[in-house]
Amino acid sequence: DDSAIRLNRWFARHSDFVLGSHATKSGPFGDTYTCLPRQGVDLEQALSEAISLLPEAIYDGEPEVIDRDADDSIDCVDDLRPDAIA
């Protein structure tokens with residue numbers, strides 16, 4: 001459908017966190033997603049209200065220390081380039 005808008009699934013499922021109206025605008029590579037401000041809505045207040053809906057004590061803003069010597073199974077990366085597949 002030409003009128004469909006592609007957006008992040010999380011925002012599609014949690015519309016309370018979208019601080020405007022979904023829309024498209026013309027860009028250098030065709031139409032692109034944008035979020036238009038709602039008339040008469042104070043963005044600072046709307047952002048504060050959306051933040052208050054988030055669960056507390058999940059992220060403290062501090063990065064976790066990375067143990068570079070840890071033996072992780074994530075060390076190997078599959079080479080998925082088309083020219084690498086035999």
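Computed over the Cα atoms of the range 1-53, pair by distinct pair, the Kirkwood hydrodynamic radius stands at 12.5 angstrom.
How far, in nm, would the chain grow between Glu62 and His14 when pulled straight, counting 0.36 nm per residue and subtracting the alpha carbon separation? Extending this stretch completely gives an extra 14.7 nm. For the range 1-71, the list of GluC sites (Glu not before Pro) that fall in a loop by DSSP and count at most 12 other C-beta atoms within 10 angstrom reads Glu56, Glu64. Overall, the range 1-53 carries a charge dipole of about 160 debye about its Cα centre when +1 sits on the Cβ of Lys and Arg and -1 on the Cβ of Asp and Glu, all other atoms neutral. Compared with the alpha-carbon gap, the fully stretched path from Leu7 to Ala46 is longer by 12.0 nm at 0.36 nm per residue.
How much net charge surrounds Leu47 when only the other residues with a Cβ under 13 Å from the Cβ of Leu47 are counted, with Lys and Arg +1 and Asp and Glu -1? Residues near Leu47 contribute -3 overall.
Each value in this text was obtained by applying a stated rule to the coordinates, not by laboratory testing. All values reported here derive from a predicted model rather than from experimental measurement. Neighbour counts are summed over all protein chains in view; Cβ atoms, including those assigned to glycine, are modelled from backbone coordinates with ideal geometry.
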